[in-house]
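Heads up, the thing below is written out as structure tokens.
The values are calculated or read from the model by the stated rules, or taken from the named source; none is laboratory data. It should be emphasised that the depicted structure is a prediction, and the values quoted were computed from it without experimental measurement. Cβ atoms come from the backbone with ideal geometry, glycine included; neighbour counts cover every protein chain shown.
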Amino acid sequence: MTSQFTIVELGEAALRRVAEPVTAIDAPDFQQQLDALIQFVQQRGGMGIAAPQVGIAQRFFIMSSHPNERYPYAPEMPITCVINPQILWHSAETDKDWEGCLSVPGLRALVPRYQQISVRYWLRDGTLIEADYDGFIARLFQHELDHLDGKVFVDRVESSLDMMTESSWYKLLRSTAKET
Ligand code: ZN
């Protein structure tokens, strides 16, 4: 089955809108949208996708962390629907690491993110979650939350020298993999 979604890319106004809170988590059409978006992110092999990336101006995203070629160190995590998320606290310390985005094809960049965050969000069954994240999941969460505020990772890049094309990045990844 092919997906009903198309990715909104950098340059399209829909990617820059501030999304509205989800008001009815248990609404059947919202639940169906979640199922469809989970299927879509799995088809694309993404680590996550935020609703505005498929033109839905609502505050939710899917986290789908799993190790793959781009992120061999990504933790295996059950697919999680993150609804109406907030960051309650963050560390002062930041880390830079590589990110990419389905909405910015062909580009990778080193992006500074808070090392640790405390967050609150709702699951699709209406459960309120309060959790502490660090490392890869903290980065993923911050990346996806930015999309709900109309921001993309390139907005946070400190220097154009921290950017590279995806093909250059793959060359770098393979050469460092050989050394270790
Ligand atoms: Zn993204």
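Just a few scattered comments:
- Residue satisfying all of: in the stretch 149-159; assigned to a helix (DSSP H, G or I) and in contact with a strand residue (DSSP E or B) (Cβ under 6 Å, 6 or more places away or on another chain); farthest from residue 53 (Cα to Cα) among these: 156
- Residue list for the stretch 113-138, restricted to those being under 26 Å from residue 155 (Cα atoms) and of a type in the set (Ser, Thr, Tyr): 114, 118, 121, 133
- Hits in the stretch 27-55 - residues which are hydrophobic (A, V, I, L, M, F, W, C) and either touching a helix residue (DSSP H, G or I) at 6+ places or on another chain (Cβ under 6 Å) or within 14 Å of the ligand (Cβ to nearest atom) (or both): 37, 40, 41, 47, 49, 50, 51, 54
- Residue among 76, 99 that is in contact with a helix residue (DSSP H, G or I) (Cβ under 7 Å, 6 or more places away or on another chain) and closer than 19 Å to residue 141 by Cα: 99
- Test: residue 174 is more than 16 Å from the ligand (Cβ to nearest atom), over 23 Å from residue 11 (Cβ atoms) and outside any strand (DSSP E or B): yes
- Which numbered condition residue 149 misses (of (1) charged (D, E, K, R); (2) more than 14 Å from the chain's Cα centre (by Cα); (3) under 20 Å from residue 22 (Cα atoms); (4) within 16 Å of the ligand (Cβ to nearest atom)): (2)
- Any hit, the stretch 99-107, residues being over 22 Å from residue 37 (Cβ atoms) and either within 14 Å of the chain's Cα centre (by Cα) or within 13 Å of the ligand (Cβ to nearest atom) (or both): yes
- Selected residue (only one of 139, 113, 156, 120 is of a type in the set (Lys, Arg), more than 15 Å from the ligand (Cβ to nearest atom), out of contact with any Phe, Trp or Tyr (no Cβ under 7 Å at 6 or more places or on another chain) and at pLDDT 95 or above): 120
- Exactly one residue out of 33, 42, 53 is surrounded by fewer than 17 Cβ atoms within 10 Å (Cβ to Cβ), among the polar types (S, T, N, Q) and part of a helix (DSSP H, G or I), and it is 42.
- Only residues that are within 18 Å of residue 60 (Cβ to Cβ) and either in contact (Cβ under 8 Å) with a residue 60 or more places away in the chain or surrounded by 15 or more Cβ atoms within 10 Å (Cβ to Cβ) (or both) were counted across the stretch 126-142, and they come to 6.
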